[in-house]
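A.B. asks: Before I ask anything, here is the structure I am working with.
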Amino acid sequence: MENKIILDCTCGSRMFWFDKQNPNVLFTDIREVSDTLCDGRKLEIHPDQIEDFTKLSFPDKSFKMVVFDPPHLRRVGETSYMGKKYGRLPKNWGEYINQGIHECMRVLDDFGVLIFKWNQSQIKAKVILQHITDYKPLMGHTTNVSGNTIWMVFMKGL
């Protein structure tokens, strides 16, 4: 973790990172996967460290920025393309996401930034925000501006 000021606690295959080996980022995920998807593409998920975002092993205030892109699908087959690539939400998804946000904030330094990515194809952003207690986003978009993926920014201490 030395010299890592950014935590991506749900890195998956690091799809949205321009530099997938950025030396400032600690890439973690709950799974490690090497698989071939139904369309022949390779799925590679190799985090620097295995972590469960609902109970991170890091001390309080360890990072200046945290990226949180949790599973967003309730209805998906575990062996389907989407299930393998993005994972599946548990039945208690509201509590699960809320617990994840709280853990992200716990490991975030004072006035650090949390980037929250959500795909609202099955659960709308306004619904997910109803399940996040204690924290409200500073900015982002909660309507279908461009596709179903939205981004929200939180700052610890505001």
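The values are calculated or read from the model by the stated rules, or taken from the named source; none is laboratory data. Since we're looking at a predicted model, the values are computed, not measured. Every residue, glycine among them, receives a Cβ derived from its backbone with ideal geometry; neighbour counts consider all protein chains shown. These area figures cover heavy atoms from the full protein model, side chains too; ligands, DNA and RNA do not enter into them. Shrake-Rupley method; radii C 1.70, N 1.55, O 1.52, S 1.80 Å.
A.B. asks: Return the inverse of the average 1/r over all pairs of distinct C-alpha atoms in the chain, which is the Kirkwood hydrodynamic radius, in Å to one decimal.
C.D. replies: Values: mean 1/r = 0.0623 Å⁻¹.
Computed over Cα pairs of the chain, the Kirkwood hydrodynamic radius comes out at 16.1 Å.
A.B. asks: Compute the projected area of the convex hull of the Cα atoms of the range 69-125, averaged over all viewing directions, and report it in nm² to one decimal place. Present the calculation step by step, with values, prior to reporting the outcome.
C.D. replies: Details: hull surface 17.2 nm².
Averaging across all directions leaves 4.3 nm² for the Cα convex hull.
A.B. asks: For the chain, which whole-number percentage of the solvent-accessible area (1.4 Å probe, protein heavy atoms only) is attributable to carbon and sulfur atoms? Mind showing how you got there, number by number?
C.D. replies: Details: 4590 of 8480 Å².
Carbon and sulfur atoms account for 54 percent of the accessible area of the chain.
A.B. asks: Sticking with the crude label model, points 7 Å out along Cα→Cβ, report the distance from D109 to L138 in nm, one decimal please.
C.D. replies: 1.5
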